[in-house]
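Everything below concerns the one structure shown next.
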Amino acid sequence: MIRRDPVDSKARLIAEPIVDAVRTEGEAAVRRYAEQFGEIQPGGKLILRREVELREAYDSISADDRACIERTAARIRAFAAAQRASISALKVPIPGGEAGHTVEPVEAAGCYAPGGRYPLPSSVLMTGITARVAGCSRVVVASPRPSAITMAAAYVAEADVLLPIGGAHAIATLAYGAGELLEACDAVVGPGNQYVTAAKSLVAGRVAIDMLAGPSECLVIADDDADAATVAKDLLAQAEHDPQALPALICLSEAFAAAVDAQLEAQLAVLPTADIASVALKNGYTVVVGSVEEAAAISDRLAVEHVELHIKNAMQVGMRLKHYGGLFIGGNAAEVLGDYGAGPNHTLPTGGTARSTGGLCVMTFLRVRTWMRVDDPVAAQQMTADAVQLGELEGLHGHAAAARARLPGAALVRASSLVAVPSGISTRGNSDERLLIAIPKKGRMHEKCLKFLEAAGLEYERPDRVDVALCTNMPIKIVFLPASDIAMFVGEGNVDVGITGEDIIAESEQIVHVNLKLGFGKCRLGLQVPEEHMGQPLLDLT
């Protein structure tokens, strides 16, 4: 099993004073490091704005390049939108109330894109677009010495600004801000070198981060029917990333391993980036195994960033794999297609960390926050008593006291036993255990009923223009309906009891029983229940 510490200790020692300087000095430190590392000229711009420099860069590139970036962006955006749609708010009942969660984005996203060895507009698209789809209201990109194509990508990704800086000071600027120049971000994401990773480890906790990524990795699993030349191309594509990159092959025969080695030698001889790729190949390895199952088991132990499957029944094998950053199924699904915007994000875990985390996605920018509400202390009585007991068991007596204060008094419990929905009544739409009482919503009958409820001791809150009120001292809901509809609602079991005029009851021809003649009002109000429940002891309501 390969488990590498993603943070290089020497890089951390170099990054730490830089991060501290940006944190304490703000813009002055950012400018000092940017000028020191040759990212800007003395007095040069530290902020490139969307509608000025980024738009100018977008307009300056060829129409063909613009179209390529726009198409790639559309694929990334579509996949991210589908991910966002897969997670939503929820609400579930709890004793006496409800609980749930909301899903909301962080406000500001800081997106880092490397720019030292190669310009990487693809990383700008992968990070910036994903943040926007998640719902972030502010997106800041940082990339050192950005080319026109990188700035154009930031424009397409809908970044608000781009900082033309890199390394540890860029990460610190995203995390801490830089005075009036830039407000701090809430999340900092994106790949980078060892100094970027070290700086991310230092600001983690101050802000959310995606991961601590090390050198890039690709493992190809191939059987003897795979194309050795294509496998070699994929290994070299990984190797040219960085001298520390790790390309690897697991195959089923010595003959295939030799064929791939021959292809690597021939292709490396004409590869423009051979100086980097040749170094990275020395980090790699080839393993010959007896079966695809053995290869899959090794892959799961390694938990590699990218895994390619050049084998028969690739989909079935792929769905059995447990640990990887990104999976590329079949010989046509090149890892470079993932790098360049097939849809899934290319910012992925390395060094075995795929066992515990996934890649960058919209969820990186989302906060799942829970809430709960208790309306009925009687229904919540057992839950509250359990909280009291657990507080005492843990020796946290303040917790126990706070819970005990929510236990209902004896009078409320007694009232609840009088008005709880009787056993055997099954009302439509009444999923909780409150009695539903319907009264006229306006007119003289409405006013009389309100006085009746007040005399009965019911306390309730009714928001403006809402026709349902929840009693605060008894397990009752009051439903306000047109007087002419109440008998129908009672007869069909949509409410448990209703109060309306006896003449209206007679005209409705509903099968209800006037359980109690209230004896007030010119229209002779009556308390009605469904006929089949006429024997229930509802007189206690008065």
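Search region 20-40 for residues that are assigned by TED's automatic domain parsing to the domain that holds CYS185 and closer than 13 Å to GLY167 by Cβ and pair each with any residue that is small (Gly, Ala, Ser) and part of a loop (DSSP other than H, G, I, E, B) when their beta-carbon atoms are under 7 Å apart and the residues are at least 6 apart or on different chains.
From region 20-40, the pairs are VAL30/ALA178; GLU39/GLY166.
Restricting attention to region 470-482, which residues are among the aliphatic types (A, V, I, L, M) and surrounded by fewer than 24 Cβ atoms within 10 Å (Cβ to Cβ)?
Correct list: LEU470, MET474, ILE478, VAL479, LEU481.
For ALA333, indicate whether it is loosely packed, with under 14 Cβ neighbours inside 10 Å and either closer than 30 Å to ASN283 by Cβ or free of Cβ contacts under 8 Å to residues at least 12 places away in the same chain (or both).
no
From the list ARG320, ARG301, ARG367, exactly one residue is surrounded by fewer than 20 Cβ atoms within 10 Å (Cβ to Cβ), touching a strand residue (DSSP E or B) at 6+ places or on another chain (Cβ under 8 Å) and more than 20 Å from ILE76 (Cα to Cα). Which is it?
ARG367
Taking ASP59 and the conditions (1) under 24 Å from ARG145 (Cβ atoms); (2) surrounded by 14 or more Cβ atoms within 10 Å (Cβ to Cβ), which numbered condition does it fall short on, given that it satisfies the others?
(2)
Yes or no: region 200-212 includes at least one residue that is surrounded by fewer than 22 Cβ atoms within 10 Å (Cβ to Cβ) and of a type in the set (Lys, Arg).
Yes, region 200-212 has at least one match.
Pick from GLY351, GLY343: which is touching a Gly at 6+ places or on another chain (Cβ under 6 Å) and either free of Cβ contacts under 8 Å to residues at least 12 places away in the same chain or on the phi > 0 side of the Ramachandran plot (or both)?
Checking each option against the conditions leaves just GLY351.
May I ask you to list the residues in region 146-196 that are among the acidic types (Asp, Glu) and modelled with pLDDT of 95 or more?
Once the filter is applied, which keeps residues that are among the acidic types (Asp, Glu) and modelled with pLDDT of 95 or more, region 146-196 yields GLU158, ASP160, GLU183, ASP186.
Please state which one of ALA255, ALA237 is over 16 Å from ALA314 (Cβ atoms), in contact (Cβ under 8 Å) with a residue 60 or more places away in the chain and of a type outside the set (D, E, K, R).
Sole residue among the options that is over 16 Å from ALA314 (Cβ atoms), in contact (Cβ under 8 Å) with a residue 60 or more places away in the chain and of a type outside the set (D, E, K, R): ALA237.
Would you mind finding the one in SER147, SER143, SER201 that is of a type in the set (Ser, Thr, Tyr), free of Cβ contacts under 8 Å to residues at least 40 places away in the same chain and touching a Leu at 6+ places or on another chain (Cβ under 8 Å)?
Criteria check complete, one pass: SER143.
Among the residues of region 297-327, which ones are under 26 Å from the mean Cα position of the chain (by Cα), of a type outside the set (Ser, Thr, Tyr) and within 15 Å of SER216 (Cβ to Cβ)?
Selection gives ALA303, VAL304, GLU305, HIS306, VAL307, GLY325, GLY326.
The values are calculated or read from the model by the stated rules, or taken from the named source; none is laboratory data. Keep in mind the model is a prediction, meaning the values are calculated, not measured. Ideal geometry is used to build each Cβ from the backbone, glycine not excepted, and the neighbour counts take in all protein chains shown.
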